[in-house]
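Trainee: One structure, pasted below without further comment.
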Amino acid sequence: MSPWQLSRRTLLKASAASAAGAIVGAPALVRAEVKEVVIGGPAGAAKYFNADVFPLIEKALGIKVIYEGTNSLTNLQKMTADKDAPKMSVVIMDDPVMLVAAREGLITPIMAGGSPNLGKLAAANVHQDGMWANYQMPWAGIAYNTTGGKAPTSWNDLYAPEAAGKVIIPSLKNTEGYWALLSAAHLETGKPYKEAQYDVDAGFKKLATLKPNLLNVYTDAPQAINLLEQGEAQMIGGQFSAYTLIRKAAGSPVDLAIPSDGGFAMPSGITKVKNGPASDVADAIVNMFLGPDVQSVLATKAFVAPTNPETPKPAGYPDPSQLFAPDWAFFAKERGGWVDRWNQL
């Protein structure tokens, strides 16, 4: 592909022909003065973003990406603190945190003219008239060490006596922490997830019985995966395909099980920071994340389902009927109180 080149003297006007030779549907203008663009996103994605995704973007747009990897709530706090003078141009966060960011006026709609791939996504993957869009769909189950025993078949396996001191769960400060709470509500009530998700008291009651089995409650996903690889932990109760299966592909003795009582779907969102630097470049970056070039890389390197219909879906991905997608608006509304309650367990 022929990359766009930024010049100090002129703005490049991309014709339809040159766009076809570079990135299909890419914006026609990119600011000449832009050299570095800050993107905020998940810490667990840093390795494959830096190795496989950002080089594509940097080559195509003639920029340097500075990546700030942390959890979604921390990025939300950064945007709040920097609201008057944002440092990030683009932010990648889970949908429930995007809901809060939109409500607080911290993000701004993706421009369809600057991000033509937005129009190719299914309506379910574009939120609040383009305020943000989903660029990938990881799934979640129970990560486990393959040398320490058989694959877990139920969320109830986290509570088994033989798992004492061998279970890690994510903090509710991390969105994936919800899987432990939601599955606990399901186990305690016997209700399907669609109903159990609103019975939070039952979830906390069940989680309290998990204490004897807990090795750690993490906010740092890479550290937790390291403990799993080393065999210090046997299971991580609520983990993403994008974290676990990358390590499996690299030869680590880990895998991801979808329990018989179901796994979970977790759409990942991307958008522009309101009043962030280089708005036109931000649109171009978002456009690439929503396009087949980047999504093909993510599907094969990060083990996530693509959202652009032009991106091939690799074999072996779970049937969507096995995955439950929660009420994220309810989660976003209640999460703050849950985190406080979680800390008191």
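The values are calculated or read from the model by the stated rules, or taken from the named source; none is laboratory data. Computed from a predicted structure; not experimentally measured. For neighbour counting, all protein chains shown are included, and Cβ atoms are generated from backbone atoms with ideal geometry for every residue, glycine included. We work out accessible area using only protein heavy atoms, side chains counted, and drop any ligands, DNA or RNA first. Shrake-Rupley method; radii C 1.70, N 1.55, O 1.52, S 1.80 Å.
Trainee: Just to confirm, what accessible area per residue do you get for the chain at 1.4 Å probe, in whole Å²? Walk me through the numbers before you get to the answer.
Mentor: Numbers: 14500 Å² over 345 residues.
With the other protein chains kept in place, the chain gives 42 Å² per residue.
Trainee: Rounded to whole Å and sorted largest first, list the principal axis extents of the Cα atoms in region 36-108.
Mentor: 34, 24, 16
Trainee: If you don't mind, there's one more thing I want to ask. How high is the FRET efficiency between D201 and S154 when r is their beta carbon distance and R₀ equals 30 Å, given to the nearest 0.05?
Mentor: On the way: r = 22 Å, r/R0 = 0.73.
Once rounded, the FRET efficiency stands at 0.85.
Trainee: Now a separate question. Subtract the Cα-Cα distance of E58 and A325 from 0.36 nm times their separation in residues, and report this length gain in nm to one decimal. Walk me through the numbers before you get to the answer.
Mentor: Values: separation 267, 0.36 × 267 = 96.12 nm, distance 3.36 nm.
Value of the extension gain: 92.8 nm.
Trainee: What figure in square angstrom, to the nearest 10, would you give for the accessible area of F240 with a 1.4 Å probe?
Mentor: Approximately 10 Å² of F240 is accessible to the 1.4 Å probe.
Trainee: Here is a follow-up. How big, on average over all directions, is the shadow cast by the Cα convex hull of region 275-345, in nm²?
Mentor: Working: hull surface 33.5 nm².
So the Cα hull casts an average projection of 8.4 nm².
Trainee: Shifting gears a bit: With the full set of protein chains in place, find how many percent of the accessible area of the chain is carbon and sulfur; take the probe as 1.4 Å. Mind dumping the intermediate values first?
Mentor: Working: 7670 of 14500 Å².
Taking all protein chains in place, the chain shows 53 percent carbon and sulfur surface.
Trainee: Mind jotting down the three principal axis lengths of region 152-193 based on Cα atoms? Whole angstrom, largest first.
Mentor: 26, 25, 15
Trainee: Also, quick follow-up: By a straight-distance test (C-alpha under 24 Å), which lysines pair with K150 as possible cross-link partners, with residues fewer than eight away in the same chain excluded?
Mentor: The reachable lysines, counting only those whose Cα sits under 24 Å from K150, are K166, K206, K211, K248.
Trainee: How much length would be gained if the chain were fully extended between E232 and I66, taking 0.36 nm per residue of separation minus their Cα-Cα distance, in nm to one decimal? Show your work: numbers first, answer last.
Mentor: Values: separation 166, 0.36 × 166 = 59.76 nm, distance 3.36 nm.
Fully extending the segment from E232 to I66 adds 56.4 nm.
Trainee: Kindly report, to the nearest 10 Å², the accessible surface of S72 as traced by a 1.4 Å probe over protein heavy atoms only.
Mentor: Taking all protein chains as shown, S72 has close to 20 Å².
Trainee: Pull out the extension gain between A315 and N275, defined as 0.36 nm times the separation in residues minus the alpha carbon to alpha carbon distance; nm, one decimal.
Mentor: Length gained between A315 and N275: 10.3 nm.
Trainee: How would E58, E176, E232 rank on accessible area, largest to smallest, probe 1.4 Å?
Mentor: Numbers: E58 45, E176 10, E232 90 Å².
Heavy-atom accessible area, descending, gives E232, E58, E176.
Trainee: What does the helix-only formula give at 222 nm for the chain: each DSSP H stretch with n ≥ 4 adding -39500 (n - 2.57), the total divided by the residues, and the result rounded to the nearest 500 deg cm²/dmol? The partial results should precede the final answer.
Mentor: Values: 12 runs with 113 residues, N = 345.
Calculated at 222 nm, the ellipticity per residue is -9500 deg cm²/dmol.
Trainee: When the expected Rg is taken as 2.2 N^0.38 Å, what fraction or multiple of it is the alpha-carbon Rg of the chain?
Mentor: Numbers: Rg = 20.5 Å, N = 345, 2.2 N^0.38 = 20.3 Å.
Against the empirical 2.2 N^0.38 Å value, I get 1.01 for the chain.
Trainee: To continue, here is another question. First measure r as the distance between the Cβ atoms of V339 and Y193, then evaluate 1/(1 + (r/R0)^6) with R0 = 35 Å and state the FRET efficiency to the nearest 0.05.
Mentor: On the way: r = 21 Å, r/R0 = 0.59.
It comes out at approximately 0.95.
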